[in-house]
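Input: a single structure, listed below in structure tokens.
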Amino acid sequence: MSIRLRYLALLLIVFALMILLGALPGQADALSARFGDKALHLIAYICFSVLCYRVWNAPRRQRILLTIVMIALLGLIDEGIQAALPYRNASLVDWCFDLLAALIAVSGLWLQESFSPLQNSHAKN
């Protein structure tokens, strides 16, 4: 299995685990009360963004755009599932935090690749 497929598999597994944990009655509320809902969104979606960015075999600008689009879709799926559960609430603000996380992650990756002495062939694009 290629490294890109491993990143994709890990992204999908961790996303599914987050969805399953959030679907358990009371679990999301307990985690949000302990760590803060917005902080959890930022942490989770920054991690998802890094994994997603590593999946794409494309020039850097395209990887950034594809990552942001993919995170937007994953966030919509997450919020859609929450809307369907009677004990959860969907939130446009949460989705915006998911997108903010993607922007933070791709900005950091762009900076890292821009200043890394060992740039790969995609980082120059």
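The numbers here are math on the coordinates, done by the rules we state, and not lab data. Bear in mind the structure is a predicted one, so any value in this text is a computation, not a measurement. Note: ideal-geometry Cβ built from the backbone for every residue, glycine included; neighbour counts use all protein chains shown.
More than 15 angstrom separation, counting every C-alpha pair in segment 33-91; what % is that? Walk me through the numbers on the way to the answer.
Details: 981 of 1711 pairs.
Across segment 33-91, Cα pairs with separations above 15 Å total 57 percent.
If you bin all the Cα-Cα distances of the chain at 10 Å, starting from zero, the percentages per bin are 13, 42, 29, 13, 3, 0. Summing Cβ point charges (Lys, Arg +1; Asp, Glu -1) relative to the Cα centre of the chain gives a dipole of roughly 540 debye.
When +1 charges are put on Lys and Arg Cβ atoms and -1 charges on Asp and Glu Cβ atoms, the dipole computed for segment 1-75 relative to its Cα centre reaches about 460 debye.
Taking R0 as 35 Å, what FRET efficiency do you get between L103 and L20 from their Cβ-Cβ distance, rounded to the nearest 0.05?
Values: r = 27 Å, r/R0 = 0.76.
My answer for the efficiency is 0.85.
Scalar couplings 3J(HN,Hα) for segment 67-74, obtained by applying the Karplus form with A = 6.51, B = -1.76, C = 1.60 to θ = phi - 60°, are 5, 4, 5, 5, 5, 4, 5, 4 Hz; x denotes Gly and Pro. Among L111, T67, L92, which residue has its Cα positioned farthest towards the positive end of the charge dipole of the chain, with +1 placed on the Cβ of Lys and Arg, -1 on the Cβ of Asp and Glu, and the dipole taken about the Cα centre? Most positive-ward Cα: L111. Computed from backbone phi with θ = phi - 60° and the Karplus coefficients 6.51, -1.76 and 1.60, the 3J(HN,Hα) list for segment 37-42 is 4, 5, 4, 5, 4, 4 Hz; x is used for glycine and proline.
A straight chain from L10 to A90 at 0.36 nm per residue would run longer than the Cα-Cα distance by 26.3 nm.
Rounded to whole numbers, the Karplus 3J(HN,Hα) couplings from phi for segment 13-25 are 5, 5, 4, 4, 5, 5, 4, 5, 5, x, 7, 6, x Hz, using 6.51 cos²θ - 1.76 cosθ + 1.60 with θ = phi - 60°, and x at Gly and Pro.
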